[in-house]
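Encoded as structure tokens, the structure appears first; notes follow it.
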Amino acid sequence: MDQREISQIAMQAAGVAKKGVMLKVAAICGVLFLVFLLIMGALGGPQVARAASCEDTGPGTGAAAPDAGGSAAASGSIHRQQIANAKKIDKVARRIGLPGKATLIALMTAMQESTLQNLDHGHADSIGLFQQRPSKNWGTKSQIMNPEYAATSFFSGRGGNKGLVAVKDWKTRPPGDVAQEVQNSQHPELYAGHESQVRKLAKEAGIDLGRKGSDKGKGSSGEQSDSDDGASGDIPSVCEDDTAPGPGESKGGTFSDGEETWTLHNPRSVKEAMTWARNHSGAHSSAKWKRACLAFVAIVYGWNASGVPYAIDHYTVVPSDMRHDGDRNPPPGALMYWDTGHRAGHVAIYLGHGQVVSNDIKRNGYIDIVKAEAFEEKWGARYIGWTPPVFPRGS
């Protein structure tokens, strides 16, 4: 055996020894890491949400989780997206009381601007179905990415921007010309070219473009008051009912979103409840409502308690056919819900004209009237949806 062979054998032996040492080190590290995890698990334990004495432990218990980005861009085939978005646009037009031609113009506009897809991008900061711009006061990005919010803005205007109902003689003018007055596009001639395609799509979606309606709708507007304490025209200035009826009585009445109607069994009617809420807000509020959003809305409608621990849970106990996920255009009197990043979530009563009555948002413990978007803007909350004012477990 010569010197070279001896050297090779020595190198191989050293390599084997080195590998053995590395394997031992790795094994020891693995054991130590496992022990670390076991210790952390024993010390940390599961995180259990504990309720306070009231019915809501949401905002005020810590920093709220950041907004997840609002309504995400639609997924699925383009055609399915177009059908779904066309139905949402038409739903808003019908709710406002506009005729089928308003839906036609909106669909032609959205087809040109976004191919009727809820795009999260566009020219400059343009986004959504109608490529509206946050920088031009059409709303925040998360708001514009909500199809029904965007459609409401297109029909009624928002942030100083003209809506369809503000266009003179829009019902008798060519649809493309009306679309241009709202959009102010650099290529106004392109809207008219989508009419035949949109009519076919509307037929497939079951949309009646020949539907009659008012040229101004029902007076609904996307514009919001600059004052958080602005009055809603739906609410009387004098309290009509400050006490709940006796056992077996029900003043609930009915509740409708323009498409469906539900029978309510609340001790107070919607009108009475909204009056009561206004007369116990602002300067007339007391500081007893901290973390008590669900308790507050139940009491507004005449119940002693909702029968549910958390606002988020109340949304789930309401029958599924009454839950309107992501819809930001509820009728006045509806309950609106937010995910705050905490166990409880938040619920408030919609008063109309973009405003809600709620605890904790302006002042901890007090009831105030604020814009519905305030929970997202101040707490970073994520909007969930709305339900009629029903309390399946109310007592």
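The values are calculated or read from the model by the stated rules, or taken from the named source; none is laboratory data. Remember, it's a predicted structure, so these values are computed and weren't measured experimentally. All Cβ positions, even for glycine, are placed from backbone atoms using ideal geometry, and neighbour counts span all protein chains on display. Accessible surface is based on the protein model in full, side chains and every heavy atom, while ligands, DNA and RNA are left aside. Shrake-Rupley method; radii C 1.70, N 1.55, O 1.52, S 1.80 Å.
For (1) open to solvent by 20 Å² or more (accessible area, probe 1.4 Å); (2) charged (D, E, K, R), each residue gets a yes or a no:
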residue: 88; (1), (2): yes, yes
residue: 91; (1), (2): yes, yes
residue: 106; (1), (2): no, no
residue: 129; (1), (2): no, no
residue: 137; (1), (2): yes, no
residue: 151; (1), (2): no, no
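What residue, among those in segment 327-378 that are of a type in the set (Phe, Trp, Tyr) and closer than 16 Å to residue 143 by Cα, is surrounded by the fewest Cβ atoms within 10 Å (Cβ to Cβ)?
338
Anything in segment 159-195 that is within 19 Å of residue 114 (Cα to Cα), of a type outside the set (A, V, I, L, M), more than 28 Å from the chain's Cα centre (by Cα) and open to solvent by less than 90 Å² (accessible area, probe 1.4 Å)? List them, or say none.
Listed by number, the residues that qualify are 175, 176, 177, 180, 181, 185, 188, 191, 193, 194, 195.
Based on what the data block shows, is residue 333 in a loop (DSSP other than H, G, I, E, B) and in contact with a strand residue (DSSP E or B) (Cβ under 7 Å, 6 or more places away or on another chain)?
So residue 333 fits the description; yes.
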